[in-house]
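Student: I'd like to ask some things about the structure below.
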Amino acid sequence: MTSKPNREVRQIRDLKDMLVQSTELYPENEAFYIKSGNGTYKGIKYREFKREVDSLGTALVNLGLKDKCVAVIGENRYEWCLTYLAVANGVGIIVPLDRELPGEEIENLLVRSHASAVVYSGRHEKDMRRISATVPQVDYFISMDAEEDDSDERFLSLKKLIQKGSDMLDGGDRSYVDAVIDPEAFGILIFTSGTTDLAKGVMLSHKNIVSNIMSVCSVLYIDDTDSTLCMLPLHHTYACTTSFLLILYNGCRISFIEGLKHIAKNIKETSPTIIMAVPLLLESMYRKIWDSI
């Protein structure tokens, strides 16, 4: 006996179509709720997020990265999500990498994926400087945390790229926003954990992802009043689909934990209605509850 969907869902063709529709439906909703360095939270609305996606995408296309592979590595954060959708929605193939990998394996995967650029968080700065000397195929190393571009022209600031892309959009550059997505083409490259051998590359399409999003929403009711606290690493397809992309599809709000030891505090601060988890995480939370008792 097969189960049948119990509710109708909004049809989306690809991730670009999803973001366009969600922005039209929920422009003033908060897409992200981000904690700043001084401990206060700031909301980023759907219309603001889409503008930054389009700005970054335009800048990346202007760098010559159209149809190229772009890797992203770092902790769960707004800039990771921004990079993922900016690349996937009109630049090229997005390659999420495990933030816990040793530097040698990061280098190996950048080579094997034929990445032309990598967007990284500050904690990976040392590895990226070393890799830049040994992997000439990577044209650009883009820091999520740098305020300015580096004297080395291969090292760029993500913030500066967004500003440049925004200026290009204002000047009428539509090379990115008018890009047409083939939902069945190879657009996302995921590497498995490689516990028994080298990590295996898995090629996914927009259709693979959006069909999962619509299927989940046909049996699980989520609406734009919901919010989530993202705990699982986004380079995994489960977390990326359910804690990020599916949430944006529904007009919900995304926040990020500051670390496993901050889960209780972050739940209290952000009041999520949805939490995606795995058994190991739940068992850890269960033990901490009993330890405190």
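The values are calculated or read from the model by the stated rules, or taken from the named source; none is laboratory data. No experiment lies behind these values; they were computed from the predicted model shown. In this analysis, Cβ positions are derived from the backbone assuming ideal geometry, glycine residues included, and neighbour counts consider all displayed protein chains. These accessible areas exclude ligands, DNA and RNA; they are computed on the full protein's heavy atoms, side chains included. Shrake-Rupley method; radii C 1.70, N 1.55, O 1.52, S 1.80 Å.
Student: Skip the ligands, DNA and RNA, and give the accessible area per residue of the stretch 164-291 with a 1.4 Å probe, whole Å².
Tutor: Accessible surface, normalised per residue, equals 52 Å².
Student: Please work out how much length the chain gains when fully extended from Glu258 to Asp139, using 0.36 nm per residue of separation minus the C-alpha to C-alpha distance, in nm with one decimal.
Tutor: 39.7 nm
Student: Taking the C-alpha atoms of the chain, how large are the radius of gyration and the largest Cα-Cα span, Dmax, in Å?
Tutor: 18.9, 63
Student: Using a Förster radius of 30 Å, what is the FRET efficiency between Ser284 and Arg123 based on their Cβ-Cβ separation? Nearest 0.05, please.
Tutor: 0.85
Student: Hey, another quick one. Evaluate E = 1/(1 + (r/R0)^6) for Ser132 and Asp67, where r is the Cβ-Cβ distance and R0 equals 22 Å; express this FRET efficiency to the nearest 0.05.
Tutor: After rounding to 0.05, the efficiency reads 0.45.
Student: Among the listed pairs Lys68/Lys207; Lys126/Lys200; Lys126/Lys265, which have their C-alpha atoms separated by more than 23 angstrom in this model?
Tutor: The answer is Lys126/Lys200; Lys126/Lys265.
Student: Please state the equivalent ellipsoid semi-axes for the stretch 1-72: what are the square roots of 5 times the Cα gyration tensor eigenvalues, largest first, in whole Å?
Tutor: Equivalent-ellipsoid dimensions as semi-axes: 28, 22, 13 Å.
Student: Now for a separate question. Using only the alpha carbon atoms of the stretch 178-271, find the Kirkwood hydrodynamic radius as the inverse mean reciprocal pair distance, in angstroms to one decimal.
Tutor: Computed over Cα pairs of the stretch 178-271, the Kirkwood hydrodynamic radius comes out at 15.2 Å.
Student: Keeping all protein chains in the complex and leaving out DNA, RNA and ligands, what accessible area do you get for Arg174 with a 1.4 Å probe, in Å² to the nearest 10?
Tutor: Accessible area of Arg174: about 140 Å².
Student: Using a Gaussian network model on the chain with a 10 Å cutoff between Cα atoms, which of Leu232, Leu280, Leu245 fluctuates the most?
Tutor: Leu280
Student: Using only the alpha carbons, work out the radius of gyration and Dmax of the stretch 3-160 in angstrom.
Tutor: Every Cα atom of the stretch 3-160 included, Rg and Dmax give 17.0, 59 Å.
Student: Considering only DSSP states other than H, G, I, E and B, which GluC sites (Glu not before Pro) in the stretch 11-59 qualify as loop sites with at most 11 other Cβ atoms within 10 Å?
Tutor: The qualifying sites are Glu28.
Student: Could you check how much of the accessible area of the chain is carbon and sulfur, as a whole percent, using a 1.4 Å probe?
Tutor: The nonpolar share, carbon plus sulfur, comes to 54 percent.
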